[in-house]
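Reading through the structure tokens given below for one structure.
The values are calculated or read from the model by the stated rules, or taken from the named source; none is laboratory data. These figures come from a predicted structure and were not determined experimentally. Cβ placement follows ideal geometry from the backbone for every residue including glycine, while neighbour counts extend to all protein chains displayed.
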Amino acid sequence: MEDMLSYISPAWVLAFVLAAINVFVFHVALVEDGHSAVYFAPFGIFGFSIGNFLAWLVGSPLPMMGDVHVIEASIGAWVVLTLANTR
């Protein structure tokens, strides 16, 4: 088990935790009834990764936490979560 964990980058763990935080904050703040936070989790992770990728692609000058563009990735997560919430 320890060998498997040594292959996971701390940036990936941080990104997953931050994406999950975004999903749960979005769920508490904006979702009234209907879908659970588990429904929104794939959308939040997808949006977080797209936002991080786009920030890396354009070379965003905003501050980073390790290898993660936290601000841009969070914006990406909230955009995708908002689109998922309108369904």
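Could you list all residues from the stretch 65-87 that are modelled with pLDDT of 90 or more and either assigned to a loop (DSSP other than H, G, I, E, B) or touching a strand residue (DSSP E or B) at 6+ places or on another chain (Cβ under 6 Å) (or both)?
Passing the criteria: only His69.
Residues being in a loop (DSSP other than H, G, I, E, B) and not hydroxyl-bearing (Ser, Thr, Tyr): count how many of those fall in the stretch 28-46.
5
Among residues belonging to the stretch 1-46 that are among the hydroxyl-bearing types (Ser, Thr, Tyr) and exposed (fewer than 14 other Cβ atoms within 10 Å of the Cβ), point out the one that is farthest from Ile75 (Cα to Cα).
That would be Ser6.
What residue, of Ser60, Ser6, is hydroxyl-bearing (Ser, Thr, Tyr) and at pLDDT 90 or above?
Of Ser60, Ser6, the one residue that is hydroxyl-bearing (Ser, Thr, Tyr) and at pLDDT 90 or above is Ser60.
Can you confirm whether the stretch 47-61 contains a residue that is outside any helix (DSSP H, G or I), surrounded by 15 or more Cβ atoms within 10 Å (Cβ to Cβ) and of a type in the set (A, V, I, L, M, F, W, C)?
The answer is no; no qualifying residue exists.
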